[in-house]
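Data first, discussion second: the structure below is written as structure tokens.
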Amino acid sequence: MNDPKTYGIMAEFDSPEALLHAAKAARSAGYRRMEGYSPLPVEGLAEELGCRRTGMAWVVGVGGLLGCLTGYAMQYWISAIDYPLNVGGRPLHSWPAFIPVTFELTILFGAIFAFVGMLALNGLPMPYHPVFNAKRFTLAGKDRFFLCVEATDPCFKASETGPYLTSLGAKEVSLVES
């Protein structure tokens, strides 16, 4: 049984290739609850870590649609119902005149929903995370690459996972406490 205070085991690597190789090997060994930390994007790492697609496209789409409907309904209400003015014989419901504001509100609502949705789906703001307790993790923003296998993984055994990560070429392996 794993210690309830243990978050996982963190392995440090020197290069993005070593991190990618370790993630592939750990995934083929059955580990599923892993996270990679890198100062730069590593092509193929997200797939090896088993990242799934998020619902951001739907969030932004709903926001854009809501903005579009809001912009159009607001202009229709103002010009045809609340304050109708017949200027030069034009129709009260002149939809071509509504296009610019409708378009702008579509973009604005989509951007706001994207920002708020990104924060919510990423669990931000998060001022504390257990990986901050790992030794040498401050180097993740400079020149080191880290792979963390979480203790909630069904294959995780502290006595076996650490040596396994060392065998994959980890420079240093450390226990991460919650």
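Couple of notes before you dig in:
- Any chance Gly162 is in a helix (DSSP H, G or I), within 18 Å of Gly36 (Cα to Cα) and among the small types (Gly, Ala, Ser): yes
- Subset of the range 62-78 (residues that are loosely packed, with under 14 Cβ neighbours inside 10 Å and of a type in the set (Gly, Ala, Ser)): Ala73
- For the range 49-62, the set of residues classified as within 27 Å of Gly8 (Cα to Cα) and either touching a strand residue (DSSP E or B) at 6+ places or on another chain (Cβ under 8 Å) or of a type outside the set (Lys, Arg) (or both) consists of Leu49, Gly50, Cys51, Thr54, listed by residue number.
- Residue, modelled with the highest pLDDT, within the range 79-91, restricted to residues that are aliphatic (A, V, I, L, M) and loosely packed, with under 12 Cβ neighbours inside 10 Å: Ile81
- Conditions (1) surrounded by 11 or more Cβ atoms within 10 Å (Cβ to Cβ); (2) over 30 Å from Ala26 (Cα atoms); number of the one not met by Thr54: (2)
- Selection count, the range 93-117, where residues are over 21 Å from the mean Cα position of the chain (by Cα) and aromatic (Phe, Trp, Tyr): 3
- When Ile99 is tested against (1) outside the structural domain of Asp14 (by TED's automatic domain parsing); (2) of a type in the set (A, V, I, L, M); (3) within 30 Å of Tyr7 (Cα to Cα); (4) modelled with pLDDT of 90 or more, just one condition goes unmet, and that condition is (3).
- Checking each residue in the range 102-151 for being farther than 23 Å from Ser15 by Cβ, hydroxyl-bearing (Ser, Thr, Tyr) and at pLDDT below 95 picks out only Tyr128.
Yes/no per residue for (1) assigned to a helix (DSSP H, G or I); (2) assigned by TED's automatic domain parsing to the domain that holds Thr106; (3) in contact with a strand residue (DSSP E or B) (Cβ under 6 Å, 6 or more places away or on another chain); (4) touching a residue at least 12 places away in the same chain (Cβ under 8 Å):
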{"residue": "Arg32", "(1), (2), (3), (4)": "no, no, no, yes"}
{"residue": "Glu35", "(1), (2), (3), (4)": "no, no, yes, yes"}
{"residue": "Gly64", "(1), (2), (3), (4)": "yes, yes, no, yes"}
{"residue": "Thr70", "(1), (2), (3), (4)": "yes, yes, no, yes"}
{"residue": "Tyr76", "(1), (2), (3), (4)": "yes, yes, no, yes"}
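- Within the range 1-27, the residues that satisfy the criterion of being part of a helix (DSSP H, G or I) and of a type in the set (A, V, I, L, M, F, W, C) are Ala18, Leu19, Leu20, Ala22, Ala23, Ala25, Ala26.
- Those residues of the range 78-99 which are outside any loop (DSSP other than H, G, I, E, B) and of a type in the set (Val, Ile, Thr), in sequence order: Ile78, Ile81, Ile99
- Any hit, the range 40-48, residues being charged (D, E, K, R) and either surrounded by 15 or more Cβ atoms within 10 Å (Cβ to Cβ) or touching a strand residue (DSSP E or B) at 6+ places or on another chain (Cβ under 6 Å) (or both): yes
The values are calculated or read from the model by the stated rules, or taken from the named source; none is laboratory data. Being a predicted model, the structure only gives us computed values, none of them experimental. All Cβ positions, glycine included, derive from the backbone under ideal geometry; neighbour counts span all protein chains shown.
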